[in-house]
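A short worksheet on the structure shown next.
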Amino acid sequence: MAEKTKKSANPTLIAAVKAVAVLVCICVVCVALLAVCNEFLYIDDEERFSRAMRDVYSGYVPADGFEADLTHASAPTGSIEKVYKSTDGVYIIEALGNDGYQGGTVTLYVLINPDATIKSWAIKENTLQSYIARVPSDAGTKWYVGKRVDEEFVKDMTGATVIKTTDAIYNAVKAAAWYCLNTESVKNELGLIDKEGLARDAVKQLLGDGYADYDFAPVNVSSATVDGTKSVADALSDDADKLSYLFRVSKDGDVLFAYVYGEETLKIVAVKDGEILSKSEGVEDTDAIVANILANRIYTFTFGSYNAYAIITNAAEGVYTVAGLKVGTVPNTYVLKVTIVADTDGKGKVEKIELTTDGDGWEQGVPQDNANKLVTSLKGARLDNIDSLYTDNKVSGATQSADLIRAAVQAALTAFDASQASAD
Amino acid sequence: MKLKRFKEIALDGTVRQNPTLRLVLGTCPTLAVTGMGAISCLGMGAAVIFVLVFSNLIISLLRNVIPDKVRIPCFIMIIATFVTIVSMFMEAYMEKLFATLGIFLDLIVVNCIILGRAESFASHNPVLDSVCDGLFMGIGFTLSLTLMGIVREILGKGALFGVQLWNFKIAFFAEKAGAFLTYALFIAIFNVCYNAVERKLKHKAARNAVAIEREAEAAASTEAKEA
């Protein structure tokens, strides 16, 4: 009986062993075959990279001696695998983006221009993204291209996408941007430092604790123009120094202006009522830019909830060229030529106003007519009656722009009265 | 292999048992890849032909060696090997096509056509027959895939083989729903035509049989008279 059992168990065991042996043999042969094929067909990282560069950046020439700083390789939306740099300053960041389809990833080469804008990107590889082919072939030269990889970009970019794969692409680009913002050497090179913030801190330091609770508001010196073409910064700068920032420092009606210039070392001049209140080291009264600042005085007015500025850039024989700088959200300027004559009591009186617009929020057509009407109505205005004249004629629905004109006229009258007083 | 057998296999693979339009196998890549354009369909077809031919070849060679109980893991192992090879080859030499086909290239491993032919044909037939079966099944799959790809590309994108023909396009045909509709229309048209042809052939064969029978009867009666 026992012999019989032994005999019947053997064929099963043999069949099982044979089955396993065959399966193992097939596996070994297949692995060997794949290993041989791998020898000939494997695409290494270098080849992948050069293929991607062929598609997106044919001008890539590796920068000599560049060593990637991967201290901040782990971004909130992905990670940084490798970083390359071209001799022309373009950074190529190999970034992996998370949260694709089925939690998979997409790895991109993200190219960042020396001016911190996105040049292009290309897909290197992906995991689990079955619809990766649906990403348009030209997406790498269109999506996000030209965007600056600053704080706003990283903060605001959210994935409003059709397929989850594009979420992973967003996340990879964001990871690359995050890397640029957090890696000191890259940040410096791409000019991603908050220069305005640094300038504001320097002004605060110069003015000291007495101004700690003041409001430091930047004035748009680079975009606002004083004559339709020349910016405020250009008007105040000279060959040696260029005005970089202007801050209006204010609290409860106490107003002063802090001018910041200088390339490597920031130089600051704080001016209140046309007089230098404070200045940083290295600023000389004889500097041409300081003379310009004092000569082109900025006046500030508050109309309701708006702050209005006006800068007088020319005052010859009673003709004042005045630029209204900024009122509320109006980004640009009105430039006026205001002719002031002495009234019977010696105070200034507007005789003529020439208006040039600079696309400051007024639309052409009917609103422009309203601007002209306002300017006409301010003819004959004096400092003591401009309030009533303005209130009667201000333009409903374009209050900020109207305030800008008023500020310019008011600045000219103030300057005229001040000059008369000093002459007396 | 006899010519008749070869013809049978060729006709089975391309028409009578067309994997896409008669057996309705491999529907996933059919629906997905036909939306990527005719070139992608050709690429997918070529990959499937390669895998079918070589997996059938190896499975047929080993059909007496592979134990019945482990045949499926063995088949899958062999198929996966050839899919990996074709995938590596495409990545090395056809990078754009590789990128376009994406995951569907790897999914050939689980394509019902390949496992189906391995199980139902290659594991029971001689090597040459199996290779021919793989080749013609692959050709049948490629033809139907490419034709559907052409129709969807023309209607959905206004292009043919990547060349823009006109700006008129019906986006529906490039979408998922369009894939189902196109597939259904192809199956319907193919089967209507196939059945019509088959009926005609049957009638013809029946007529021939009757004619032969009559001739035989006539000959027999003539012989009887003469006798």
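The values are calculated or read from the model by the stated rules, or taken from the named source; none is laboratory data. Since the model is a prediction, treat every value here as computed from it, not as a measurement. Positions of Cβ are backbone-derived with ideal geometry, glycine not excepted, and every protein chain shown enters the neighbour counts. Only protein heavy atoms, including side chains, enter the accessible area calculation; ligands, DNA and RNA are left aside. Shrake-Rupley method; radii C 1.70, N 1.55, O 1.52, S 1.80 Å.
Observations
- Each helix, a run of at least 4 DSSP H residues, gives -39500 (n - 2.57); summed and divided by the residues of the protein assembly as shown, these come to -16000 deg cm²/dmol at 222 nm.
- In region A:127-153, the residues whose accessible area drops by at least 30 square angstrom when the other protein chains are added to the isolated chain are A:130, A:131, A:133, A:134; the probe is 1.4 Å and only protein heavy atoms count.
- Bridging of residue B:157 to aspartates and glutamates at a Cα separation below 20 Å is possible for A:138, B:175, once same-chain residues fewer than 8 apart are set aside.
- Region B:154-197 versus region A:255-297: alpha-carbon centroid distance in Å: 74
- Using the Cβ-Cβ distance between residue A:420 and residue A:251 with R0 set to 30 Å, the FRET efficiency from 1/(1 + (r/R0)^6) comes to roughly 0.45.
- HN-Hα J in Hz across region A:29-42 - Karplus 6.51, -1.76, 1.60, θ = phi - 60°, x for Gly and Pro: 4, 4, 4, 4, 4, 5, 5, 5, 4, 4, 4, 8, 10, 5
- Residue with peak Gaussian network fluctuation, chain B [Cα springs, cutoff 10 Å], from B:67, B:19, B:126: B:67
- Exposed-loop-free span, longest in chain A, where GluC sites (Glu not before Pro) count as exposed if DSSP calls them loop and at most 11 other C-beta atoms lie within 10 Å: A:68-262
- Just checking the listed ones, B:216, B:159, B:122: in the Gaussian network model of chain B with Cα springs under 10 Å, the one fluctuating most is B:216.
- With a simple spin-label model that places each label point 7 Å from the Cα along the Cα-to-Cβ direction, the separation between residue A:223 and residue A:240 comes to 3.2 nm.
- Averaged over its residues, the protein assembly as shown has an accessible area of 51 Å² per residue, based on protein heavy atoms and a 1.4 Å probe.
- For residue A:277, residues with placed amide H under 5 Å, excluding near neighbours: A:270, A:271, A:272
- Straightening the chain between residue A:372 and residue A:43 buys 111.4 nm, computed as 0.36 nm per residue apart minus the Cα-Cα spacing.
- Between residue B:185 and residue A:15, the simple label model (points 7 Å from Cα in the Cβ direction) yields a spacing of 5.3 nm.
- On chain A, 51 percent of the accessible area sits on carbon and sulfur atoms, based on a 1.4 Å probe.
- Counted by Cβ distance under 13 Å from residue A:211, the other residues give a net charge of -1, where Lys and Arg count +1 and Asp and Glu count -1.
- Take the Cβ atoms of residue A:317 and residue A:189, set R0 to 41 Å, and the FRET efficiency comes out at 0.20.
- Relative to the longest principal axis of the Cα atoms of chain A, the long axis of helix A:164-182 lies at roughly 60 degrees.
- Buried on complex formation within region B:103-135 (loss of at least 10 square angstrom of accessible surface versus the isolated chain, 1.4 Å probe, ligands and nucleic acids ignored): B:103, B:104.
- Peptides ranked, highest mean first, by Cβ atoms within 10 Å: ranges A:168-177, B:80-89: A:168-177, B:80-89
- Between A and B, roughly 2100 Å² of accessible area is buried in total, ligands, DNA and RNA not counted and the probe set to 1.4 Å.
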